[in-house]
Amino acid sequence: MNLTFTEKVAFDLRSLYSRHGYSRYRMSKFEEYDLYARNKDFLISDRVITFTDNGGKLLALKPDVTLSIVKNSTDDITAQQKLYYNENVYRTDRNTGAFREIGQVGLECLGDIDDVCVCEILSLAAQSLLSISKNAVLTVSHLGVLSAALDGAGIPAGEKAAAMEYIRQKNTHELATLCRRCGIADDRIDALRQAVSTVGSPETAIPKVCCLLDGFADTAALTRLLGVTDALAEQHKAIFRFDLSAVDDLRYYNGIVLKGFVKGIPDSVL
């Protein structure tokens, strides 16, 4: 049987995660709509396909897998659950706004997460990208440290979302304008601007960012992250780049953030 490129990638990823002790998580096509209604800010889009079953219960075609995994996970936070999934989700197209079926392969590790587990996840992320294309970059950041830096610099809670958006856009000019409006000293503004503009290998970028944030943000988590990335195999470590501006929603994420980029593959794989 000849596999398409997308099918081969999915098969390779399932094999990779299984070899590392991840069990397959299977979910039905439907979930109770209430699950998504209560967590709609977590979803990429709040548009969900719904219908009423024969018992009068409102159901939804799944737009997300992670919510279902968390819902059905054990409450024992000392236990560790290692799961992977290969599911179709139903979301709106970014360009047309129409609903489409999207294949997803991913993994979740829940419970007691230590540095060994983080190292494994970073390694699997690198291997996942490299299984798709050798021309890959894996950007890593830490939202907890960035949030602490904004707090330590003196940015009020009401301005934090705007500051995060400027950082995501790499718009350090508007970030500086916001900081001055909040009465933040020029030396801290300069340090913050340089920190969110620093991009490079973890071994060069992380120490520089730690130095820039010294005195107004706890960077211990970055030091731990550097130790984890140092422990990666050389071929995996080579594709990592550290970029503190690689941000996500603070309402749901507070630690390490990963963003992968590949070139030269069919659009249908992304």
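Every number in this text was worked out from the coordinates using simple rules, so none of it is lab data. Everything numeric in this text was worked out from a predicted model, so none of it was measured. Cβ placement follows ideal geometry from the backbone for every residue including glycine, while neighbour counts extend to all protein chains displayed.
Below, the figures for the structure above:
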{"quantity": "Shape category assigned to the stretch 122-270 from the gyration tensor of Cα positions, a/c cut at 1.5", "calculated": "prolate"}
{"quantity": "Estimated FRET transfer efficiency (GLU7, ALA98; beta-carbon r; R0 30 Å; 0.05)", "calculated": "0.80"}
{"quantity": "Where the Cα pairs of the stretch 157-224 fall when distances are cut into 10 Å bins, in %", "calculated": "20, 51, 27, 2"}
{"quantity": "Angle between the chain longest axis and helix 202-213 axis [Cα atoms, degrees, rounded to 10]", "calculated": "50"}
{"quantity": "Nearest-ten-degree value, helix 186-197 long axis tilted from longest Cα axis of the chain", "calculated": "40"}
{"quantity": "Alpha carbon convex hull of the stretch 82-153, projected area averaged over orientations, nm²", "calculated": "8.0"}
{"quantity": "Qualifying lysines (Cα of each under 28 Å from Cα of LYS170; at least 8 residues distant if same chain)", "calculated": "LYS40, LYS134, LYS160, LYS208, LYS237, LYS259, LYS263"}
{"quantity": "Built amide H within the under 5 Å cut-off of PHE242, gap 5+", "calculated": "VAL140, GLY200, SER201"}
{"quantity": "Surface/4 estimate of mean projected area, convex hull on alpha-carbon atoms of the stretch 12-140, nm²", "calculated": "9.8"}
{"quantity": "P(r) of the chain over all Cα-Cα pairs, binned every 5 Å from zero, in whole percent", "calculated": "1, 5, 11, 13, 16, 16, 15, 12, 7, 3, 1, 0, 0, 0"}
{"quantity": "Simple label model, 7 Å out from Cα along Cβ direction - ARG224 to VAL199, nm", "calculated": "2.7"}
